[in-house]
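Participant: Questions regarding the structure given below will be posed in turn.
What follows is calculated from the coordinates using simple rules that are stated; it is not laboratory data. This is a predicted model, so every value here is computed, not measured. Neighbour counts run over all protein chains shown; Cβ positions are idealised from the backbone, glycine included.
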Amino acid sequence: MQTIKKYFPNLTQLQIMQFEQLGPLYTHWNSAINVISRKDIQNLYPNHVLHSLAIAEFLGPLETDTRIMDIGTGGGFPGIPLAIVYPQCRFHLIDRIGKRLRVASEIAAEIGLKNVTFQHGDAGECHEKFNYVVSRAVMPLNELVRIISRNVSPERAGNTYANGLVVLKGGDLSEESKGIRQPVIEYNVNEFFSEPQFDTKKVVYVPFG
């Protein structure tokens, strides 16, 4: 938790409390429904929460009512940490695995998130429009761009970055980027966070506007 405060020193008391609750809640739920590797649950904050927040470091401040879809959210990453940081935005978390989505839903309810909705199913079953679609390495980049292209709204909300896809990836993306017509812009996560576990991690931005 101290690592979160280090990079996000202006959190409100409510946001701090919500982040602090994630540790015991994920530990409890993970013992019953495996949403994080049981060997890695002790690294929840640096490896999962902070990693998710690299998207917030990239996007910066967002306008009120900015709409964000998290595809393949699993137990709520990156959607739940982002929803805590951006209480003025609206998040829609979608996943094909119902029991994992239930964990995310229960945790969001426990910490009092009011800006999150959930959908059990595929992205193709979601017909809403969003300013940004986010994900955490759920599938190859070219597949993801194709699947979510109709979910990105053509109406820009006044944010710094044009509407598009923002994903957390690792390694060489040259093969995954083949066939993508939009620009594929990569940022090393260690541009935002100095922790060594992020040395090979990237924030990838594909603008649609």
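Participant: For residue 104, what is the net charge nearby, where nearby means another residue's Cβ is under 14 Å from its Cβ and Lys, Arg count +1, Asp, Glu -1? Provide the component values of the computation, followed by the final result.
Facilitator: Details: positive: 96, 99, 100, 102, 136; negative: 70, 95, 106, 110.
Overall, the nearby charge balance is +1.
Participant: Here's a follow-up. Per the helix-only calculation at 222 nm, which mean residue ellipticity applies to the chain, given -39500 (n - 2.57) for every DSSP H run of n ≥ 4 and division by its residues, nearest 500 deg cm²/dmol?
Facilitator: Numbers: 6 runs with 62 residues, N = 209.
Rounded to the nearest 500, the figure is -9000 deg cm²/dmol.
Participant: Is region 30-98 rounded, prolate or oblate when judged by the Cα gyration tensor, a ≥ b ≥ c being the square roots of its eigenvalues, rounded requiring a/c under 1.5 and prolate requiring a/b larger than b/c?
Facilitator: Oblate is the answer for region 30-98, as a/c is 1.5 or above yet b/c matches or exceeds a/b.
Participant: Taking H as built 1.01 Å from N, whose amide H comes closer than 5 Å to the amide H of residue 117, not counting residues under 5 places away?
Facilitator: Amide H neighbours of residue 117: 91, 92, 93.
Participant: What is the distance in Å between the Cα centres of region 90-105 and region 127-177?
Facilitator: Taking the Cα centre of each part, region 90-105 and region 127-177 sit 18 Å apart.
Participant: Full-extension gain between residue 99 and residue 174, please, as 0.36 nm times their residue separation minus the C-alpha to C-alpha distance. Working shown, then result.
Facilitator: Numbers: separation 75, 0.36 × 75 = 27.00 nm, distance 3.37 nm.
Fully extending the segment from residue 99 to residue 174 adds 23.6 nm.
Participant: What full-extension length gain, to one decimal in nm, is calculated for residue 120 and residue 39 as 0.36 nm per residue of separation minus the Cα-Cα distance? Present the calculation step by step, with values, prior to reporting the outcome.
Facilitator: Values: separation 81, 0.36 × 81 = 29.16 nm, distance 2.69 nm.
Separation in residues times 0.36 nm, less the Cα-Cα distance, equals 26.5 nm.
Participant: Oh, and also: Can you give me the Cα centroid spacing of region 21-37 and region 44-73 in angstrom?
Facilitator: Value for the Cα centre distance between the two parts: 20 Å.
Participant: Return the label of the correct value of mean projected area of the Cα convex hull in nm², as calculated from the structure shown, out of (i) 12.0; (ii) 10.6; (iii) 18.2.
Facilitator: Of the listed options (i) 12.0; (ii) 10.6; (iii) 18.2, (ii) comes from this structure.
Participant: Along the Cα-to-Cβ line of residue 128, 7 Å from the Cα, sits a label point; which residues in region 77-116 have backbone N less than 11 Å from it?
Facilitator: The answer is 90-94, 115-116.
Participant: Hand me the tally of lysine pairs in the chain: alpha carbons under 27 angstrom apart, and the pair either on different chains or 8 or more positions apart.
Facilitator: 26
Participant: Follow-up question, since we're still on this one. Consider a paramagnetic label point 7 Å from the Cα of residue 10 along Cα→Cβ; state which residues of region 33-70 have an amide N under 18 Å from it.
Facilitator: 53-66
Participant: Could you work out how far apart the two model spin labels at residue 153 and residue 137 are, taking each label as a point 7 Å from the Cα in the direction of the beta carbon, and quote it in nm?
Facilitator: With each label placed 7 Å out from Cα toward Cβ, I get 3.1 nm.
Participant: Take every DSSP beta bridge with both residues inside the chain and express the antiparallel ones as a percent of the total, to the nearest 5. List each step's numbers first, then the result.
Facilitator: Numbers: 11 of 30 bridges.
In the chain, DSSP labels about 35 percent of beta bridges as antiparallel.
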